[in-house]
1. Say R0 is 35 Å: what FRET efficiency, to the nearest 0.05, do I35 and S296 get from their beta-carbon distance?
2. Relative to a virtual label point 7 Å from the Cα of I75 in the Cα→beta-carbon direction, which members of the stretch 82-124 show backbone nitrogen distances below 12 Å?
3. Based solely on C-alpha atoms, express the radius of gyration and the Dmax of the stretch 203-386 in angstrom.
4. If one computes the Cα centroid of the stretch 272-289 and of the stretch 225-254, what distance in Å separates the two points?
5. Count charges around V150 for me, please; just the other residues with Cβ under 14 Å from its Cβ, Lys/Arg as +1, Asp/Glu as -1.
6. What full-extension length gain, to one decimal in nm, is calculated for L181 and A391 as 0.36 nm per residue of separation minus the Cα-Cα distance?
7. Any aspartates and glutamates with Cα under 19 Å of the K188 Cα? List them, leaving off those in the same chain fewer than 8 positions away.
8. Using every alpha carbon pair in the stretch 19-181, what percent of pairs falls into each 10 Å bin from 0 up to the bin containing the largest distance?
Amino acid sequence: MKKVICIGFILLVFTTVFISADEVIWGSMYSEGNINLGADVAYEVSGTMAQLALYPAAEMIFLKPMMGDLGFLDIGATVKGRVGVPLSFGTSLSAGVGALASLHFGLRGLDIPGSEYFERLDLFAEIGLKFDIIPSSLTDTFGLAFSSGVNYFLDDNIAVGATYTNWGGFNGGGASVFLKLGEKPAVKGIDVDWQETPSVFAVQPYLLQFYTLFYSAHFAGGFYPNDYPEGKGTVHRITLIEEDDESSYFVEKALLRKLSDGRMLWMMDYRDDEDSVYYEFITDAEYKVITVYFRSDEDGILELPADDELYPQSRYMTWEDYGADVKKGVSIDVKAGRFKTDEYNYEDGTGVRVSWWLSGDVPGQLVSYMMEDSSDIVTSELIEITKSNKASLYMK
């Protein structure tokens, strides 16, 4: 199940990461072209040796990647110096310079309880190369340098911070102060009534998970929704075989109730050894999803409008649409029993081969299928035909 959800999430990210937006609802304190001038002071150690390190630095923000209307990340480049003053015997004065790439994470626009206290926070990390002009006896002349920490903007341009620093063999903690040159970007903010509705960040993962599982259940292997009697359902075991690895999960589907205007109420349940995910959803007369229902531990039963723009639903294809060859009267044994089926076989010309075994005695007709290519095999086996299924989330 985790593989299916992960693939769906990656696809969603790739459809949004390069989209720009006119208004930013979640952003940061930085605009492209901003320059930070400042210094860090840190107490650093290498073994039993200690130094007081001063880091003068100049940074430019050169990229703000947008994800739809989200602009909370900033990427920059930093030129940093370091002077290390010995605080213990066995070490000496050192000095060097470094060039580092930086990443900032902002919290502006999150209209959630307490946001007024942390919207000026700036989380950051830097990593790059350093060169010691006056090397210490404890470190190499060339090496890695990195730092991380949190800044707090006292106003739009002046910030103080707490940092962790590592310069070759010396590492420690300290404080920083810097001046930001340039304008702060406009951020609209996320306008949500937190007392009445769950946030977009709570709802969207549920919809993403639903559509990912829905596509896998309804468009992989074949599915005839018009052949489900009211109250009846099926349980299939899906098995994925990849080289020496094999994993299985269960998919349960049922038509719970026929509603007015041709609408239908369905359930879908995914189960494996670790998780169980249950949804109910309403489709129109053409089997297109209208509304999704899910029970959240934090927010109770959620009624989620379908999003056909972000998750466009394809039409259902019949086995005849593939032009598959058919064999009549083939008997097969599965966990649910023995069935006399029609066997359909199809090959797409790229090495992908699919076989279906169908019976009119089964809701949705599907008894079993097998899809394979040169490296992977996916099979489905009917485990159980269920009946008297009732809604538990939809109560209208």
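1. Details: r = 44 Å, r/R0 = 1.26.
The pair I35/S296 has a calculated efficiency of 0.20.
2. Residues 101-104 qualify, since their backbone N sits under 12 Å from the label point.
3. In order Rg, Dmax, the Cα atoms of the stretch 203-386 give 16.8, 51 Å.
4. 13 Å
5. Numbers: positive: R120; negative: D40, E119, D122, E126.
Value of the local net charge: -3.
6. Here the answer is 69.7 nm.
7. K188 reaches D22, E23, E32, D69, D74, D111, E116, E119, D122, D155, D156.
8. Taking all Cα pairs of the stretch 19-181, the binned fractions are 11, 38, 28, 16, 6, 1 percent.
Quick note: the coordinates plus some simple rules give every number you see, no bench work behind them. Just so it is clear, the model here is predicted, and its values are computed rather than measured. Quick reminder, even Gly has a Cβ in these numbers, built from the backbone with ideal geometry, and neighbours come from all protein chains shown.
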